[in-house]
1. Could you pull out the residue among L185, L124, L91, L103 that is touching a helix residue (DSSP H, G or I) at 6+ places or on another chain (Cβ under 7 Å), aliphatic (A, V, I, L, M), more than 20 Å from N214 (Cα to Cα) and at pLDDT 95 or above?
2. Against the condition outside any loop (DSSP other than H, G, I, E, B) and within 28 Å of T169 (Cα to Cα), how does A141 come out, does it pass?
3. For the stretch 159-174, state whether one or more residues are touching a residue at least 60 places away in the same chain (Cβ under 8 Å), touching an Asp or Glu at 6+ places or on another chain (Cβ under 9 Å) and not acidic (D, E).
4. For the stretch 181-193, indicate whether the set of residues that are over 17 Å from the mean Cα position of the chain (by Cα), of a type in the set (D, E, K, R) and either in a loop (DSSP other than H, G, I, E, B) or over 18 Å from A112 (Cα atoms) (or both) is non-empty.
5. What number of residues in the stretch 72-101 are aromatic (F, W, Y) and touching a His at 6+ places or on another chain (Cβ under 9 Å)?
6. Before we move on, is T182 β-branched (V, I, T), closer than 17 Å to G105 by Cβ and surrounded by 14 or more Cβ atoms within 10 Å (Cβ to Cβ)?
7. Scan the strands (runs of 3 or more DSSP E) fully inside the stretch 1-96 and keep the ones with 2 or more residues being touching a Ser or Thr at 6+ places or on another chain (Cβ under 9 Å) and either surrounded by fewer than 17 Cβ atoms within 10 Å (Cβ to Cβ) or touching a residue at least 24 places away in the same chain (Cβ under 8 Å) (or both).
Amino acid sequence: MAGTLASTCIEGFVEVAGCRLHLRRGGSGDPVLVLHHDIGNPGWLPFYQQLAERFDVLAPSHPGYDQSSRPDWMRSVRDVAVAYQWLLADLKLDQVTLVGLGLGGWIAAEMATMAPRSFKRLVLVGAMGIRPTDGEIFDQALVNYIDYARAGFQDQRAFEQIYGAEPSTDQLETWDVNREMTFRLAWKPYLYSQTLPHLLGGVATPALVVWGAND
């Protein structure tokens with residue numbers, strides 16, 4: 001990967017499935033692939049840095065999100081999962097731990113169904129991908145970008161530490177682009193998979209599922 005040193009991580013681009021994928025990587029140890037929520041990857045977060053004290057942390061931006069290029073052909077979350085399998089193969093990484101946040105949790109779950117015994121651990125945090133039996137999926141198309149991003153934070157001070165009290169115009173444009181890519185990948189059915197619930201039963205990877213009380 002070509003890139004420049006950005007304080008605590010290496011930042012650059014890799015080519016995967018015809019996509020110029022933006023990747024941050026830092027730390028040393030067993031590899032951990034962290035897959036971000038659908039609002040995007042705002043940078044090398046303290047969360048990544050804490051993991052990097054023990055692990056080799058890879059934190060890419062999904063195809064079509066943030067600085068990663070958008071493949072015209074990519075139309076499903078499973079397509080993204082295949083691209084990440086390709087990335088791990090190119091980097092010659094195995095026994096990887098997957099950490100998926102929101103949409104990233106859905107991608108990680110799809111990856112686990114493709115290789116039921118290949119990953120070391122699977123951590124899903126507030127993961128999308130399965131239609132809830134109670135309640136409904138929050139329709140982000142009905143709210144503005146800031147309200148949707150803020151809805152992911154129980155403590156609004158944490159939101160402001162990352163994005164500021166008044167997010168920049170560039171950030172608003174990035175959220176707009178990211179939202180459009182989310183709709184490309186998961187519009188129908190809306191933000192869930194009809195097949196994933198039937199395929200997860202074959203996954204043999206030790207898994208931890210985490211969700212918030214007010215998710």
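The values are calculated or read from the model by the stated rules, or taken from the named source; none is laboratory data. All values derive from a computational prediction rather than experimental measurement. Quick reminder, even Gly has a Cβ in these numbers, built from the backbone with ideal geometry, and neighbours come from all protein chains shown.
1. Only one candidate passes the filter, namely L185.
2. So A141 fits the description; yes.
3. yes
4. Scanning the stretch 181-193, I find at least one residue that is over 17 Å from the mean Cα position of the chain (by Cα), of a type in the set (D, E, K, R) and either in a loop (DSSP other than H, G, I, E, B) or over 18 Å from A112 (Cα atoms) (or both), so the answer is yes.
5. 1
6. yes
7. 9-16, 19-27, 31-35, 56-60
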